[in-house]
Amino acid sequence: MDFEPKVFRTIIFVRHGQYTSDPEKLTSLGRKQAKIAAKAIALLKPSKIYCSTMPRAKETANVIGQHLGLKFTAKDIFREGLLPGTIGFNQLITKGIPPDKKKEILAKMRVARKNADLAFKRLFKIPQRGQSTEVVVAHGNVIRHWVCKALDISEKNWLKMDVSHTSLTTIRISKAGQFVLLGFADKGHLPLKMRTYV
């Protein structure tokens, strides 16, 4: 009996490589992480690469794209951001912050959530025929958010998930509309000394 579906889409989510914040760019280790991730991804023969418009994601996507011979497409909807979740989460994030600043932070969180949900709708489309694999270079918060939505589990669980630099999270979408998590935050392609989180 053949258990492999004939029609499916596979999305490989890659967290960007290690980076510096000022200016925002990959460290030398971050570039090495991206090159190693590219070699692992190449085995799955993706046809498209998308990424967030943030510099660390674009640089990571460029390294991966060069290795795969693919150009990346950057979109704002894949950007990092704090995502509003349960009331408890919102209170935790804004604890001790003055009311005017709190209002500003919550507004930014709503925008981030709106973008993340829009990205989810665009990415998690049900395939109609054939098989395809796409890569999305994004950020820890949004990757965890998408995984919770795909698995239909409580949003509060994303705070318990750890996503290291250039780890690979793979989700397969069947013609029947099933989302199957094939791997979460896999970092097996990276030597221990090259694994970083912040």
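Listed by chain and number, the lysines placed with their C-alpha closer than 21 angstrom to that of Lys6 are Lys45, Lys48, Lys125, Lys175; residues fewer than eight positions away on the same chain are left out.
Across the stretch 124-198, C-alpha contacts under 8 Å between residues 6 or more apart give a mean separation that, scaled by the residue count, equals a relative contact order of 30 percent. Considering only alpha-carbon pairs that sit under 8 angstrom and 6 or more positions apart, the relative contact order computed for the stretch 51-198 is 22 percent.
Simple rule: put +1 on each Lys or Arg Cβ and -1 on each Asp or Glu Cβ in the stretch 75-198, find the dipole, and look at Val163, Trp146, Ala116; the Cα lying farthest toward the positive end is Ala116. Sequence-distant contacts, meaning Cα pairs under 8 Å at least 6 residues apart, place the relative contact order of the stretch 1-69 at 33 percent.
Rounded to the nearest 20 debye, the dipole magnitude of the stretch 119-166 is 180 debye, with +1 charges on Lys and Arg beta carbons, -1 on Asp and Glu beta carbons, and the Cα centre as origin. The angle between the Cα long axis of helix 99-123 and the main principal axis of the chain comes to about 10°, on a 0 to 90 degree scale. Kindly express, to the nearest 10 degrees and within the range 0 to 90, the angle between helix 140-151's C-alpha long axis and the longest C-alpha principal axis of the chain. Once rounded, one gets 70 degrees.
Seen from a random direction on average, the alpha-carbon convex hull of the chain projects onto 12.4 square nanometres. Aspartates and glutamates within cross-link reach of Lys58: Cα-Cα under 18 Å, excluding same-chain residues under 8 positions apart? Output for Lys58: Asp22, Glu24, Asp76, Glu80, Glu134. From helices alone, the chain scores -12000 deg cm²/dmol at 222 nm; the rule is -39500 (n - 2.57) for each run of n ≥ 4 DSSP H residues, then divide by the residue total.
Coordinate-derived values only; no laboratory data. Here the structure is a predicted model, which means the values were calculated and not measured. With ideal geometry, Cβ positions are generated from the backbone for all residues, glycine too; neighbour counts draw on all protein chains shown.
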